[in-house]
Amino acid sequence: MIAIQAEDISKSFSNVQALTNISLQVEIGDVLGLLGPNGSGKTTLIHVFLGLVRPNTGHAYVLGIDPTLDPRGARKEISYVPEVVSLYPELTAIQNLQFFNSFNEDPCNSAELTQYLLEVGLDERFHRNRIKTLSKGMCQKVGLAIALAKDARVIFLDEPWTGLDPESAMELSDQIRKMRQRGRTILVATHDIFHLSGIAGHIGILRSGVLLSLVSSSGLSAKELEQLYLDQMRLED
Amino acid sequence: MLLPLTLLLTIVAALDGWQRVTHHSELRNEVAVIERETWLNQGEANPHDAAHFGRYALRRVPGLSAFDPGILDYSGASVWMEAHFQSPPSLRRAESRISSYPFVYGSPAWVLSVVIPLLLVVLLFGAVVVERERRTLALLWIHNAHPFQLLLGKATAALLIAAALAVFLVLVSCAPIVLFRNVTIDWVRVLALVICFFVGYSSISGCVILVSAIARSSQIAFWIASLLWLAMVSGPLLVAQVAKELHPVPRDRDFATYIQQEAQAPFWLGQAQYEEVAIYEAEVMTQLRAMDAQKLGLNRDALVLQAHERFANRVYDRLYGELYEIHERQEAMLRVTSVFSPILALQRVSSGIAGTDSSAQLHFAKSAELHRRFIIKKLNEDMLHNAGEDSFRYVANRNLWQDVEDFAYDERSLREILQHYRLELVSIVLWAILSLVLAAVVLQVRAKAATK
Amino acid sequence: MKSIGRHIIAYFSAFSVGQLVVFLAFAILTSYAVASGLHWKMEATVEQSLPLREVAESRTAWFESLEKSESGIEVSSALARPMNLPVFVHKPPGPLGQFSHVREDLYPSTGILNGFSNEALIFRRYELESPVSLMHGGLDLVLVVLVVMPLALCLLNYNHLASEREQGRLNVLLIQGARPSEILRSRTYQCSLPLLAILAIASIAGTFVTGPLDIFTALRLILWCGAIFVYWYFWVGVCSLVSAICATSINAALTSVSMWILVVVVLPSIFQFAFDRTTESADKMHLLAIARSAEAEALGTVDKRAEAIMAEHSLEIAQVGAEIPSYYRSAYVANASINDRVGDLLDQHAEKVRQDHVLLDIVQGFSPATAAFRTLKEVSGSGFLRNTEFNHQVRTFFRHYFERIGVATLQQRRLTLEEAELIGKFEYKESLAGATVLSFYAVVLIFAVVLSQIAIRWTRKLEDPIQ
């Protein structure tokens, strides 16, 4: 069954063509990695699925719901971690999680929330620290915990490894793997080929708003994936 | 949105000011004519009756009060001039206003001195702090930009804005007067106003830039600058209130009692009359080089009446001196406050230049009192020399009434006014310099910290 | 109690230091405004009680002399003359006058009537207050509500949504299922309610401190708090709209300050300007000119002009003693003549003021701040309208008084005890302009609801994808 689907999506901002005729499908439980350089349209495409941007043409579907027509309905099924996780600096990690989780139809209790923070690898001694005292990586973990605690079926991650130290990046990859094992559908936009290679079921390569290829990544090593990516880039040049 | 709003407000205020001045000038002139006609046409009467019939000294409406009415509406527009009694200015226009909304005075000067500083707050609160939030400031320090260069750029922009606003808005404010030409204004004073507002805006801009340099975020800068503005605007209200409590004016009933007890009763009911009359009589005799008043046919009652004037005037000099001293003390507190508030300093100088400040009012009150004394003396002297034995039965006619000149007084010069407000002027300039220097120091410190 | 305390601490810990500073500054200003108002009310009451006592004593002496004279005991002919019967008229501080005391000194609140008064000069007094103090006025609760509260609300609420967007949290919040309208509403109320609470507490405390509450004052207090609530709600609507519409904080700051200037400064100024131009208020100067010519005419018609003038100076009269009657008659005739001329003018003026106020009631909705000001003044019992009402009541009483002493004065006799008692005393009757209050409540409440609804609808757009 299809969890994420794009049908011939195009989007332009003023004179800039951000997306051109994008079509793709992601099955339930799969992880799609979107690779592409800066400005290739990865974030715009995610925003279309999140119902934050209306495409000029084409349709997007999340579990069969068009987020353009029913943004609230689609968002019920979605979790999202932006590239830079912004939280309330005056609140603690657990308070932030509590606040963002309070909008869910069935909010978690504080024990569960603590568990989510632990699950993403945030040591318990930081749970009651104010966000402004935490590092960027720790904030990223809180952001991931917010997404996890929502318990949505589809998760969008925008450049999740950016700014993380190697250990945290590895932990994040493990986390994504676990989520996939739980049957979550995940779309990861990144240019970090190394981390993506181990977790993505399919890889899409975007460049200047055009989806150059969409391939299965099973059996591909990071090296092979990198070569594929570079070939695609050169081909276009 | 803010600029058009301010312009609209200035235009409305300018039209209002022009209308107000035109209306009040016409009314004043109309009343002056009626008052003069009533005086001249009172018919034959004893000069002392005429002295009780009295006259009004009417305050002139300065042309620049269209720009800055200052305290004009809250100060008496006339002084009642009658024998035996000195009166303070009375008939405040504010008492007759049907809907007097507080805080907003609706004059161009108010817009320029209160609203424009708020505009400057909004325009400049992000001057430095936004650069910091966008992290361009750190980049500038790393590329060896000098804090003074940055500040010079910001200050130049702010000063250009200040100059443009001062010139443009003062001219817009005076436009109706120029267009309709029914009120005269002194253009040198207009120029002085433009310069004062320019310097005032520079100092306010300096303060806002300083706040922007100190604050950690643009929101905090906005809050601090807005609260600073609010404190500068509401400060005078609070100080005026405290000044009134610390230096209370006497109650009007008490004042009337003092006058009765000190200026009237000792003379008419006590022993003071004999001595005072004797001294005055001796003076008159010396002036006339005569020995005996009765032989000269001088009227005794008139001698007594004028002796009382001399006696009472000394009491009035003291009583009113004390009253005006209290007013002065109240005002001194505001003067000190203006050192801490360039907005208040600007307001005070502006009303001074427009001739609508308290010192102009005091000048009017004192001139009116001098005129009262002159009128009463003239009437008493007429009775003294012409009443003979008829005393209060003696009547004078229109010729004498015509001899009593109408009240007129000279305005103070611009130089006198600027001297009077030198503390305010110095404080505005100091604010401008100090705030920019402090902002430079803060930036210097920040720059050093960032490049370490 | 402990848990309540913890909740309060938890509630306030949700605010930033800046917000707490704004609350604290607002609370200090409010407390100062109420404290100075209470001080003024106390002073004014004491100030009025002194002449009240003096006049009461001289009335007692006057009546004693009259009783003696009626019972055949010989008294000086200068005593118990009808023209000398003093009546003290005073306007006590308004029921909630402590909340709007600034510039009340502008209006006369006491006067002593006797036969030497005339309608032009009932409240003749020494105007001793410094014009500088009068102009600056001071800070009272009306000013806090009218000017400071809106500014504080603008400062606290201008960028609730813009800051979420700028900090990059808005998208996550939307995905989490938050509705921008909920965020806006909850933040706005969280930041605005403390201000309303401070004003309400100050109003209630400031009323109860003055003594036990009668039913009319209680009613006024309810109307007062209601008016504050309506105006507060209006500003919550304005701030919500600004916060909903503006995409960036700087834009929001500019817009909210613009709205403050528009509502608190520009609209009242335009309103005042338009009103001043369309309604011609009777200037005292003009009144003076009319009274002056009336006085000249009156003095021309009386036989003994000097007597008429001298009669006003009771000190001299008292010394003259025995030869009484014609002084009083001349003064009475002169004043009656002035009253005829000036009275008509004052009647016309009072009618004009009444009509102007009806017009103001109708159009005040164009400027919510003006409407709020008029309502707060009216409900508290202060300002120009109350002064006009006081003048009207005093003049009505004075006419009654002047007519009652007339026959006896012209006949150069004393009043009988019965006639004297029929004159009675003056007591100011409080009134409330219901139309002013109701039109404010209706119009500004509608504005408030409409603004809030527009804000909410606008925030719904944020949930939709951008084009």
Self-check item: Over 26 Å (Cα to Cα) - which of C:68/C:429; C:91/C:352; A:136/C:461; A:42/C:461 fall in this group
Solution: C:68/C:429; A:136/C:461
Exercise. Any chance you could give the angle, 0 to 90 degrees and rounded to 10, that helix B:2-40 forms with the longest Cα principal axis of chain B?
Key: 0 degrees
Quiz prompt | For the stretch C:403-429 and the stretch A:38-72, distance of Cα centres in Å | solution = 91 Å
Practice problem: Pop out the ³J(HN,Hα) list for the stretch C:424-440 in order, Karplus 6.51 cos²θ - 1.76 cosθ + 1.60 with θ = phi - 60°, rounded to Hz; leave Gly and Pro as x. | Solution: x, 10, 9, 9, 6, 9, 5, 9, 9, 7, x, 4, 4, 5, 5, 5, 5
Quiz prompt | For the stretch A:89-151, radius of gyration divided by Kirkwood radius, i.e. Rg to Rh on alpha-carbons | solution = 0.92
Practice problem: With a 1.4 Å probe and every protein chain left in place, tell me how much accessible area residue B:224 has, in Å² to the nearest 10. | Solution: 80 Å²
Quiz prompt | Nearest-ten-degree value, helix C:17-70 long axis tilted from longest Cα axis of chain C | solution = 10 degrees
Self-check item: Cα→Cβ-extended label distance, 7 Å offset, between residue A:28 and residue C:248, nm
Solution: 4.5 nm
Quiz item: For residue A:80, which sequence-distant residues (separation of 5 or more, or a different chain) have an amide H within less than 5 Å of its own amide H, given hydrogens modelled in the peptide plane?
Solution: A:156
Exercise. Starting from the exponent 0.38 and prefactor 2.2 Å, build the expected Rg for chain C from its residue count and divide its actual Cα Rg by it.
Key: 1.28
Quiz prompt | Accessible-area ranking of C:32, C:233, largest first, probe 1.4 Å | solution = C:32, C:233
Quiz item: Calculated FRET efficiency, residue C:293 and residue C:56, Cβ-Cβ r, R0 35 Å, to nearest 0.05?
Solution: 0.40
Practice problem: Only bridges with both residues in the protein assembly as shown count here: give the DSSP antiparallel percent, nearest 5. | Solution: 60 percent
Quiz item: Counting only protein chains, not ligands or nucleic acids, how are B:80, C:224 ordered by accessible area (probe 1.4 Å), most first?
Solution: B:80, C:224
Quiz item: Tell me, what is the percent relative contact order of the stretch C:18-467, built from C-alpha pairs under 8 Å that lie six or more residues apart?
Solution: 26 percent
Quiz item: Got a number for the accessible area of residue B:420? Probe 1.4 Å, square angstrom, nearest 10.
Solution: 70 Å²
Quiz item: For the protein assembly as shown, treating each Cα as an identical point scatterer without solvent, what Debye log10 I(q)/I(0) comes out at q = 0.06, 0.09 1/Å?
Solution: -0.63, -1.11
Quiz item: the stretch A:1-33 to the stretch C:243-291: how many Å between their Cα centroids?
Solution: 55 Å
Quiz prompt | HN-Hα J in Hz across the stretch A:132-137 - Karplus 6.51, -1.76, 1.60, θ = phi - 60°, x for Gly and Pro | solution = 5, 9, 8, 7, 4, x
Self-check item: Dipole of the protein assembly as shown [Lys/Arg +1, Asp/Glu -1 at C-beta], most positive-end residue of B:56, B:175, B:386
Solution: B:175
Quiz item: Using only Cα atoms, what Kirkwood radius does chain B have, in angstroms?
Solution: 25.5 Å
Quiz item: Put +1 on the Cβ of each Lys and Arg and -1 on the Cβ of each Asp and Glu in the stretch C:18-467; which of C:27, C:450, C:216 then has its Cα farthest toward the positive end of the dipole?
Solution: C:450
Quiz item: So who's got an amide H within less than 5 Å of the one on residue A:56, skipping anything under 5 residues away but keeping other chains? H placed 1.01 Å off N, in plane.
Solution: A:10, A:11, A:12
Self-check item: Protection-proxy order for peptides B:15-22, A:162-169, each taking the mean of Cβ atoms within 10 Å per residue, highest first
Solution: B:15-22, A:162-169
Self-check item: Orientation-averaged projected area, Cα convex hull of the stretch B:265-337 (nm²)
Solution: 6.5 nm²
Quiz item: Tell me, what ³J(HN,Hα) does each residue in the stretch B:104-114 have, in order and in whole Hz, if you take phi through Karplus 6.51 cos²θ - 1.76 cosθ + 1.60 with θ = phi - 60° and put x for Gly and Pro?
Solution: 8, 9, x, 9, x, 4, 5, 4, 5, 9, 10
Quiz prompt | Inter-chain shielding of B:14-20 (mean C-beta neighbours from other protein chains, 10 Å cut-off) | solution = 2
Quiz item: Based on the Cβ-Cβ distance from residue B:144 to residue B:216, what FRET efficiency comes out when R0 is 22 Å, to the nearest 0.05?
Solution: 0.35
Quiz item: Angle between the Cα long axis of helix B:272-288 and the longest principal axis of chain B, 0 to 90 degrees, nearest 10?
Solution: 80 degrees
Quiz item: Listed highest first by mean packing, meaning other Cβ atoms within 10 Å per residue, what order do C:81-93, C:147-159 come in?
Solution: C:147-159, C:81-93
Practice problem: Could you work out, residue by residue across B:230-237, how many beta carbons of other chains sit within 10 Å of that residue's beta carbon, and then give the average as an integer? | Solution: 4
Practice problem: Do me a favour and compute the ellipsoid semi-axes for the stretch B:188-309 from its Cα gyration tensor, root of five times each eigenvalue, largest one first, whole Å. | Solution: 65, 22, 9
Self-check item: q = 0.17 Å⁻¹: log10 I(q)/I(0) that the Debye formula gives for the stretch C:1-136, counting C-alpha atoms only
Solution: -1.03
Quiz prompt | Taking the convex hull of Cα positions in chain A, its mean projected area over all directions (nm²) | solution = 12.8 nm²
Practice problem: May I ask you to rank B:289, B:135, B:28, A:54 by accessible area, largest first, using a 1.4 Å probe over the protein chains only? | Solution: B:289, B:135, A:54, B:28
Quiz prompt | Cβ neighbours within 10 Å from other chains - mean over C:104-114 | solution = 2
Exercise. Would you please name the trypsin sites (Lys or Arg not before Pro) within the stretch A:167-237 that are DSSP coil residues with at most 16 other C-beta atoms within 10 Å of their C-beta?
Key: A:182
Quiz prompt | Given A:141/B:448; A:132/A:178; B:244/C:377, the pairs whose alpha carbons are separated by over 32 Å | solution = A:141/B:448
Practice problem: Rounding to the nearest 20 debye, state how big the charge dipole of the protein assembly as shown is about its Cα centre with +1 on each Lys and Arg Cβ and -1 on each Asp and Glu Cβ. | Solution: 3120 debye
Practice problem: Note down the nm distance, to one decimal, between modelled labels 7 Å out along Cα→Cβ at residue A:115 and at residue B:395. | Solution: 11.4 nm
Quiz item: If you take the beta carbon distance between residue A:130 and residue B:175 as r and set R0 to 60 Å, what does 1/(1 + (r/R0)^6) give as a FRET efficiency, to the nearest 0.05?
Solution: 0.60
Quiz item: Among B:255, C:189, B:313, which residue has its Cα positioned farthest towards the positive end of the charge dipole of the protein assembly as shown, with +1 placed on the Cβ of Lys and Arg, -1 on the Cβ of Asp and Glu, and the dipole taken about the Cα centre?
Solution: C:189
Practice problem: Please work out the C-alpha center-to-center distance from the stretch B:54-72 to the stretch A:153-205 and express it in whole Å. | Solution: 80 Å
Self-check item: For chain B: relative contact order, % (alpha-carbon pairs under 8 angstrom, 6 or more apart)
Solution: 27 percent
Quiz item: Points 7 angstrom from Cα along the Cβ direction at residue A:90 and residue B:269: gap in nanometres?
Solution: 6.9 nm
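The values are calculated or read from the model by the stated rules, or taken from the named source; none is laboratory data. This one's a predicted model, so the numbers in the text were calculated from it and none came from an experiment. Cβ coordinates were reconstructed from backbone atoms using ideal geometry, including for glycine residues, and neighbour counts include every protein chain displayed. Just the protein is used for accessible areas: all its heavy atoms, side chains included, with ligands, DNA and RNA removed. Shrake-Rupley method; radii C 1.70, N 1.55, O 1.52, S 1.80 Å.
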